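Peer 1: Here you go, one structure.
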Amino acid sequence: MNGYKTLRGPASAELTEKRSVFICRVRPVTTEAQALAFLAEVRKQCADARHNVYAYTIRENGIARFSDDGEPHGTAGLPTLDALRKRGIVDAAAVTTRYFGGVLLGTGGLVRAYSQAAAMAVEQAGVAEMAACAFFSFTVGYADYPRVQALADRSPALRIERTAFGDGVTVFASAREEALPAVQTALRDALGGRISFADGGRGYAEV
């Protein structure tokens with residue numbers, strides 16, 4: 001599995017150009033249904049706006065869609081999609097709402113405004129680098145848990161996803177697939193071999 005980039009979270013940004021207000025909202029999505037639900041949510045929230053331009057790109061099946069929503073052809077949806085593509089972002093949707101200010105911007109002005117609004121929203125959201133990872137869990141005693149934390153702090157290949165506290169500390173972790181054997185060996189060494197691992201499958205995690 002290859003890595004990819006996506007949005008770190010939802011965000012929005014606002015741009016005013018010749019009295020027209022452009023509000024771009026971005027959100028991580030993993031399916032086309034999620035992207036369309038996000039669009040419907042914004043359209044309902046901003047029903048009084050003249051345009052709700054959208055673009056989304058889904059990693060699975062390489063889906064990419066966009067709409068100018070009444071703006072001149074090629075001036076809104078595609079520049080919004082390009083703002084995602086220029087950062088290499090997938091599994092993301094962007095909806096830019098325009099409140100018309102009474103002054104025509106021309107095709108070049110529209111392209112710049114929609115591009116800039118989307119780029120600003122992406123910057124606000126942040127970009128997450130996702131890598132192919134193996135997930136696993138293990139349980140240690142409370143006295144040993146600080147050693148696990150210390151190893152995770154100094155090892156970029158190991159990430160603690162969450163913990164559960166009971167009779168011991170159950171750690172749910174991830175490691176880059178190629179680094180998994182070395183990571184688990186390092187954990188065994190740090191804990192004197194007093195550890196066993198449960199496989200949690202394969203997937204992606206931010207690195």
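Peer 1: Take the residues of the stretch 19-38 that are surrounded by 15 or more Cβ atoms within 10 Å (Cβ to Cβ) and aliphatic (A, V, I, L, M): which is modelled with the lowest pLDDT?
Peer 2: If we take residues in the stretch 19-38 being surrounded by 15 or more Cβ atoms within 10 Å (Cβ to Cβ) and aliphatic (A, V, I, L, M), then V21 is modelled with the lowest pLDDT.
Peer 1: Next up: Tell me yes or no: at least one residue of the stretch 99-113 is buried (at least 20 other Cβ atoms within 10 Å of the Cβ) and closer than 22 Å to V29 by Cβ.
Peer 2: No, the stretch 99-113 contains no residue that is buried (at least 20 other Cβ atoms within 10 Å of the Cβ) and closer than 22 Å to V29 by Cβ.
Peer 1: Condition (residue is hydroxyl-bearing (S, T, Y), at pLDDT 95 or above, assigned by TED's automatic domain parsing to the domain that holds E71 and touching a strand residue (DSSP E or B) at 6+ places or on another chain (Cβ under 9 Å)) applied to the stretch 113-128: is it met by at least one residue?
Peer 2: Within the stretch 113-128 (the criterion being hydroxyl-bearing (S, T, Y), at pLDDT 95 or above, assigned by TED's automatic domain parsing to the domain that holds E71 and touching a strand residue (DSSP E or B) at 6+ places or on another chain (Cβ under 9 Å)), the answer is yes, since at least one residue qualifies.
Peer 1: Additional query: Is it the case that some residue within the stretch 82-91 is assigned to a strand (DSSP E or B), buried (at least 21 other Cβ atoms within 10 Å of the Cβ) and either in contact (Cβ under 8 Å) with a residue 60 or more places away in the chain or not basic (K, R) (or both)? Talk me through it step by step, then tell me what you get.
Peer 2: Step one: filter the stretch 82-91 for residues assigned to a strand (DSSP E or B), giving 89.
Then keep just the ones that are buried (at least 21 other Cβ atoms within 10 Å of the Cβ); that gives 89.
Subsequent filtering for residues that are either in contact (Cβ under 8 Å) with a residue 60 or more places away in the chain or not basic (K, R) (or both) retains 89.
There is at least one residue in the stretch 82-91 that is assigned to a strand (DSSP E or B), buried (at least 21 other Cβ atoms within 10 Å of the Cβ) and either in contact (Cβ under 8 Å) with a residue 60 or more places away in the chain or not basic (K, R) (or both).
Peer 1: Which of (1) in contact with a Ser or Thr (Cβ under 7 Å, 6 or more places away or on another chain); (2) among the hydrophobic types (A, V, I, L, M, F, W, C); (3) within 21 Å of V127 (Cβ to Cβ) is the odd one out, the single condition L7 does not satisfy?
Peer 2: L7 satisfies every listed condition except (1).
Peer 1: Going residue by residue through the stretch 124-141, is there one that turns out to be within 30 Å of D167 (Cα to Cα) and outside any strand (DSSP E or B)?
Peer 2: Going residue by residue through the stretch 124-141, those that are within 30 Å of D167 (Cα to Cα) are 133-141.
Imposing the further condition that a residue be outside any strand (DSSP E or B) reduces the set to 141.
Yes.
Peer 1: What residue, of R27, R87, R59, is of a type in the set (D, E, K, R) and either touching a Leu at 6+ places or on another chain (Cβ under 8 Å) or at positive phi (or both)?
Peer 2: Unique residue meeting the criteria: R27.
Peer 1: Out of all the residues in the stretch 151-181, which are surrounded by fewer than 14 Cβ atoms within 10 Å (Cβ to Cβ) and free of Cβ contacts under 8 Å to residues at least 40 places away in the same chain?
Peer 2: The answer is D153, R154, R162, A164, F165, G166, D167, E178, P181.
Peer 1: Tell me, yes or no, whether the stretch 39-47 has at least one residue that is of a type outside the set (D, E, K, R), surrounded by 15 or more Cβ atoms within 10 Å (Cβ to Cβ) and modelled with pLDDT under 95.
Peer 2: Initially, the stretch 39-47 is screened for residues of a type outside the set (D, E, K, R), giving 39-40, 42, 45-47.
Restricting the remaining residues to those that are surrounded by 15 or more Cβ atoms within 10 Å (Cβ to Cβ) gives 39, 42, 46.
Imposing the further condition that a residue be modelled with pLDDT under 95 reduces the set to 46.
Yes, the conditions are met somewhere in the stretch 39-47.
Peer 1: Return the total of residues in the stretch 1-40 being under 24 Å from L110 (Cα atoms) and in a helix (DSSP H, G or I).
Peer 2: 5
Peer 1: Another question about this same structure. Give just the number: which of (1) within 16 Å of R188 (Cα to Cα); (2) not assigned by TED's automatic domain parsing to the domain that holds G200 does G106 not satisfy?
Peer 2: (1)
Peer 1: Oh, and also: Those residues that are without any contact (Cβ under 8 Å) to a residue 40 or more places away in the chain and either buried (at least 17 other Cβ atoms within 10 Å of the Cβ) or acidic (D, E) (or both), I need them from the stretch 49-61; list them, please. Write out each step before concluding.
Peer 2: Here is the first cut: in the stretch 49-61, the residues without any contact (Cβ under 8 Å) to a residue 40 or more places away in the chain are 56-58, 60-61.
Answer for the stretch 49-61, where residues must be without any contact (Cβ under 8 Å) to a residue 40 or more places away in the chain and either buried (at least 17 other Cβ atoms within 10 Å of the Cβ) or acidic (D, E) (or both): Y56, T57, I58, E60.
Peer 1: Considering each residue of the stretch 190-202, count those that are surrounded by 12 or more Cβ atoms within 10 Å (Cβ to Cβ), out of contact with any Ser or Thr (no Cβ under 8 Å at 6 or more places or on another chain) and outside any loop (DSSP other than H, G, I, E, B), and give that number.
Peer 2: Within the stretch 190-202, residues that are surrounded by 12 or more Cβ atoms within 10 Å (Cβ to Cβ), out of contact with any Ser or Thr (no Cβ under 8 Å at 6 or more places or on another chain) and outside any loop (DSSP other than H, G, I, E, B) number 2.
The values are calculated or read from the model by the stated rules, or taken from the named source; none is laboratory data. These numbers were taken from a predicted model, which means no experiment stands behind them. Positions of Cβ are generated from backbone atoms using ideal geometry, with glycine treated the same way; all protein chains shown enter the neighbour counts.
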